[in-house]
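S.K.: One structure, as structure tokens, below. Some questions next.
The values are calculated or read from the model by the stated rules, or taken from the named source; none is laboratory data. All of these numbers come straight from a predicted model, not from anything done at the bench. When we count neighbours, we look across all protein chains shown, and the Cβ atoms used for this are built from the backbone with ideal geometry, even at glycine. Just the protein is used for accessible areas: all its heavy atoms, side chains included, with ligands, DNA and RNA removed. Shrake-Rupley method; radii C 1.70, N 1.55, O 1.52, S 1.80 Å.
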Amino acid sequence: MSNSNSSLKSRWNVEFLRGHGTGRQLALIILNQPFSELLLSNLWKAAQWHCCADGGANRLYDTFQRDEDRKNYLPNLIKGDLDSIRPEVRRFYERQEVNVIEDDDQNSTDLMKCVHALQEKEVNESSAQYHIILLGGLSGRLDHTVHTLSYLHKLRKIREQVFAVTDENIGWVLDRGEHEIQIDHDLLGKTCGLLPVGIDQTILSTSGFRWNLTNQMSSFEGLMSTSNHLVRGENLVWVETSQPIWWTVELKHLH
Ligand SMILES: Nc1ncnc2c1ncn2[C@@H]1O[C@H](COP(=O)(O)OP(=O)(O)OP(=O)(O)O)[C@@H](O)[C@H]1O
Ligand SMILES: Cc1ncc(C[n+]2csc(CCO)c2C)c(N)n1
């Protein structure tokens, strides 16, 4: 999986949902949202750096019943204002020598604090950028959900690939330009959307969908491609957009 600058076409695949590496180092940021054990374990396996945003640590802890199992899933970092992590959860991870960092800044969210921590790590280690998977953040509290939409929209300027994943959906921002998205029909459901949020309007062209667009203007006030379908037999979709948009597709339940 890589953003190929040479062809100016971004190529995307989501095989990390199966627990597969994708070539680039992956960072998993666990938010305070429900998720299945199978989704967690696949993403955990695919990622090289694991971080919990505050109450995300409760979700990780509660995924397992036994401390022996919890000890196989120790994050590299727990960070946030730490007003949501339960005391016994904090105690457990601190005893396992997990780095727990309290950051009381009241102008940035726990999600932002975790992304900043990753950026510091990359600078300190002079490493290439990780691709980022947020576990959660697409549903639940509307202010948090819109924050996720806004934050990934902004991050596109400084980060290469940032995904948000829940048991129901995966989504990310397609920056202006051309995109080829690999479609694994065993992982992805058919329903999808191309969402012009955070922009005035965009000109969209697509192929591989049930309902395609050609140089069509799309905006929040006007046409939005929601409830579109992937087509069985097409293993790739193509999207060209003149402005950044959110792309989402429903997920099949993992088994
Ligand atoms: N109900 C929710 N819906 C969507 N995302 C959520 C929700 N609750 C938490 N999150 C995500 O998980 C992160 C950690 O959440 P937590 O509950 O620990 O803190 P919070 O006090 O709600 O959030 P923050 O301190 O970031 O404002 C949040 O920054 C947000 O990205
Ligand atoms: C205009 C404005 N609105 C809301 C907040 C509150 N806020 C935003 S991020 C955050 C941290 C939560 O851990 C808090 C409390 C603010 N600071 N400024």
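S.K.: If I ask for residues that are near ligand 2 (Cβ under 9 Å from one of its atoms) and of a type in the set (A, V, I, L, M, F, W, C), which ones from segment 109-122 would you list?
M.R.: MET112
S.K.: Given the residues GLN129, GLN106, which is the only one that is out of contact with any strand residue (DSSP E or B) (no Cβ under 7 Å at 6 or more places or on another chain), open to solvent by 30 Å² or more (accessible area, probe 1.4 Å) and either part of a strand (DSSP E or B) or more than 14 Å from ligand 2 (Cβ to nearest atom) (or both)?
M.R.: The unique qualifying residue is GLN129.
S.K.: Quick one: which of LEU236, LEU174, LEU195, LEU230 is in contact with a Lys or Arg (Cβ under 7 Å, 6 or more places away or on another chain) and either at pLDDT 95 or above or aromatic (Phe, Trp, Tyr) (or both)?
M.R.: The match here is LEU230.
S.K.: So which residues in segment 133-148 are open to solvent by less than 50 Å² (accessible area, probe 1.4 Å) and more than 20 Å from ASN42 (Cβ to Cβ)?
M.R.: Hits for segment 133-148 are THR145, HIS147, THR148.
S.K.: On to the next question. Here are some residues: THR248, THR214, THR202, THR206. Which one is in contact (Cβ under 8 Å) with a residue 40 or more places away in the chain, in contact with a Ser or Thr (Cβ under 8 Å, 6 or more places away or on another chain) and β-branched (Val, Ile, Thr)?
M.R.: Of THR248, THR214, THR202, THR206, the one residue that is in contact (Cβ under 8 Å) with a residue 40 or more places away in the chain, in contact with a Ser or Thr (Cβ under 8 Å, 6 or more places away or on another chain) and β-branched (Val, Ile, Thr) is THR202.
S.K.: If you don't mind, another one. Quick one: VAL89 ticks every box in (1) outside any loop (DSSP other than H, G, I, E, B); (2) within 30 Å of GLU250 (Cβ to Cβ); (3) within 13 Å of ligand 1 (Cβ to nearest atom) bar one, so which box is it?
M.R.: Answer for VAL89: the failing condition is (2).
S.K.: Which numbered condition trips up SER126, out of (1) more than 24 Å from THR148 (Cβ to Cβ); (2) in contact with a Leu (Cβ under 6 Å, 6 or more places away or on another chain)?
M.R.: (2)
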